[in-house]
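Participant: Structure provided below as structure tokens; questions to follow.
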Amino acid sequence: MGRLDGKVALITGAGGGIGREMAQLFATEGAMVLCVDIASDRNEETAALIEKAGGRAEALTTDISSRSACHQMMEGVHQRHGKLDVLVNNAMWISYDAIPDVTEEVVDKMFGIGLKAVMWTTQAALPLMEKAGGGSIINYASIAALRGTAERIVYCAVKAGVTGITRASAAELGDRNIRVNAIAPGAVLFPATAERLGPEKIELRKRTTPLGRLGEAEDMARATLFFASDDSAFITGQVLTVDGGRIMSA
Ligand SMILES: NC(=O)c1ccc[n+]([C@@H]2O[C@H](COP(=O)([O-])OP(=O)(O)OC[C@H]3O[C@@H](n4cnc5c(N)ncnc54)[C@H](O)[C@@H]3O)[C@@H](O)[C@H]2O)c1
């Protein structure tokens with residue numbers, strides 16, 4: 001018996017590192033997984049991996065920064081599945097810039113994908129979740145939003161905004177039995193992260209993390225599953241750091 005049996009779950013950024021891991025875990029736990037990404041090839045690969053393993057998935061190529069595209073996508077979900085139980089807002093596009101180098105284009109793009117899209121998907125999902133008698137929304141923030149990080153002014157603004165959206169939505173939607181929580185990951189050790197940080201910074205991160213290692217996509221997927229499932233039935237408006245305790249380090 002899976003913890004998401006009978007649930008329909010939509011995950012944005014399902015072609016990416018954490019998104020794919022979540023999509024696969026949710027399918028293993030019995031959910032019908034709707035994989036959403038702008039990168040159709042990687043997204044279809046995620047859905048194919050799930051189906052190959054015996055799970056149920058659908059790949060929906062969508063640019064979530066468009067309000068109308070989000071509403072159109074949810075309309076399709078309504079027609080095919082009749083409801084939505086779980087929404088994970090995980091997609092992101094990042095440019096790391098020092099303050100003097102920040103451009104209007106970068107701000108608009110990062111705000112569009114990381115912040116505005118969270119409002120559009122939430123707005124579009126509401127009627128479907130109400131139909132399901134409630135639901136769970138999980139938004140991806142970052143510890144960067146909570147501790148502040150140099151050369152991440154736009155990223156920190158977006159992710160701090162995500163924590164605000166999470167609490168505001170939780171306050172507004174509780175009476176409809178819709179819970180809204182956020183995950184704030186620390187660094188996840190993907191090959192690209194290893195390349196960007198280099199061996200010295202990785203060693204430093206490990207030393208300054210109480211649990212002595214960087215995160216893995218599976219750590220994020222398991223924490224997200226907790227919020228998606230009824231195990232967290234009385235929890236809403238929370239931001240859970242999943243970082244091995246690094247937030248406590250100076
Ligand atoms: N990886 C980390 O170390 C880390 C740390 C803290 C927080 N996070 C957060 O976790 C989440 C997932 O991170 P990741 O490392 O798996 O990212 P990733 O870059 O691997 O995946 C992000 C996905 O979002 C998709 N995407 C981008 N723009 C889109 C759009 N307009 N419409 C639809 N999809 C779009 C991309 O195509 C990509 O597949 C992000 O919100 C990120 O900010 C990650």
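The values are calculated or read from the model by the stated rules, or taken from the named source; none is laboratory data. All of these numbers come straight from a predicted model, not from anything done at the bench. Positions of Cβ are backbone-derived with ideal geometry, glycine not excepted, and every protein chain shown enters the neighbour counts. Side chains included, ligands, DNA and RNA excluded: accessible areas come from the protein's heavy atoms. Shrake-Rupley method; radii C 1.70, N 1.55, O 1.52, S 1.80 Å.
Participant: Residues that are in contact with a helix residue (DSSP H, G or I) (Cβ under 7 Å, 6 or more places away or on another chain) and either closer than 25 Å to residue 178 by Cβ or open to solvent by 20 Å² or more (accessible area, probe 1.4 Å) (or both): which helices (runs of 4 or more DSSP H) entirely in the range 1-108 hold 2 or more of them?
Facilitator: Counting at least 2 such residues, we get 17-28, 67-81.
Participant: Can you tell me which of (1) open to solvent by less than 60 Å² (accessible area, probe 1.4 Å); (2) closer than 25 Å to residue 72 by Cα; (3) among the basic types (Lys, Arg) is the one residue 116 doesn't meet?
Facilitator: For residue 116, the failing item is (1).
Participant: Among the residues of the range 129-139, what is the count of those that are open to solvent by 10 Å² or more (accessible area, probe 1.4 Å) and among the aliphatic types (A, V, I, L, M)?
Facilitator: So the answer is 1.
Participant: Given the criteria in contact with a Gly (Cβ under 9 Å, 6 or more places away or on another chain) and away from the ligand (no atom under 15 Å from the Cβ), does residue 145 qualify?
Facilitator: On the way: in contact with a Gly (Cβ under 9 Å, 6 or more places away or on another chain): yes; away from the ligand (no atom under 15 Å from the Cβ): no.
No, not satisfied.
Participant: Still on this structure, I have one more. Considering only the range 177-216, state which residues are open to solvent by 80 Å² or more (accessible area, probe 1.4 Å), in a helix (DSSP H, G or I) and farther than 24 Å from residue 97 by Cα.
Facilitator: Answer for the range 177-216, where residues must be open to solvent by 80 Å² or more (accessible area, probe 1.4 Å), in a helix (DSSP H, G or I) and farther than 24 Å from residue 97 by Cα: just 207.
Participant: May I pose another question? I'm trying to understand the selection: among the residues of the range 1-16, which are over 20 Å from residue 121 (Cβ atoms) and either under 16 Å from the mean Cα position of the chain (by Cα) or of a type in the set (A, V, I, L, M) (or both)? It would help to see each step written out before you state the result.
Facilitator: Of the range 1-16, the ones over 20 Å from residue 121 (Cβ atoms) are 1-3, 5-6.
Correct list: 1 only.
Participant: Let me ask something additional. Search the range 164-176 for residues that are under 17 Å from residue 124 (Cα atoms) and pair each with any residue that is of a type in the set (Asp, Glu) when their beta-carbon atoms are under 7 Å apart and the residues are at least 6 apart or on different chains.
Facilitator: Matching pairs, first to second residue: 176/130.
Participant: Looking for something modelled with pLDDT of 95 or more, within 16 Å of the ligand (Cβ to nearest atom) and in a helix (DSSP H, G or I) - is there at least one such residue anywhere in the range 228-235?
Facilitator: For the range 228-235, residues modelled with pLDDT of 95 or more, within 16 Å of the ligand (Cβ to nearest atom) and in a helix (DSSP H, G or I): present.
Participant: On to the next question. So residue 149 ticks every box in (1) β-branched (Val, Ile, Thr); (2) surrounded by 22 or more Cβ atoms within 10 Å (Cβ to Cβ); (3) part of a loop (DSSP other than H, G, I, E, B) but one. Which box is left unticked?
Facilitator: Of everything listed in (1) β-branched (Val, Ile, Thr); (2) surrounded by 22 or more Cβ atoms within 10 Å (Cβ to Cβ); (3) part of a loop (DSSP other than H, G, I, E, B), residue 149 misses just condition (2).
Participant: Can you find a residue in the range 42-56 that is within 15 Å of the chain's Cα centre (by Cα) and within 10 Å of the ligand (Cβ to nearest atom)?
Facilitator: Scanning the range 42-56 turns up at least one residue that is within 15 Å of the chain's Cα centre (by Cα) and within 10 Å of the ligand (Cβ to nearest atom).
Participant: Of everything in the range 152-182, what is under 19 Å from residue 249 (Cα atoms) and among the charged types (D, E, K, R)? Give them in sequence order.
Facilitator: Once the filter is applied, which keeps residues that are under 19 Å from residue 249 (Cα atoms) and among the charged types (D, E, K, R), the range 152-182 yields only 152.
Participant: Would you say residue 126 is modelled with pLDDT of 95 or more, of a type in the set (A, V, I, L, M, F, W, C) and either in a helix (DSSP H, G or I) or within 10 Å of the ligand (Cβ to nearest atom) (or both)?
Facilitator: So residue 126 passes the test.
Participant: If I go through the range 183-213 residue by residue, how many of them are of a type in the set (A, V, I, L, M, F, W, C), touching a strand residue (DSSP E or B) at 6+ places or on another chain (Cβ under 7 Å) and modelled with pLDDT of 95 or more?
Facilitator: Result for the range 183-213: 3.
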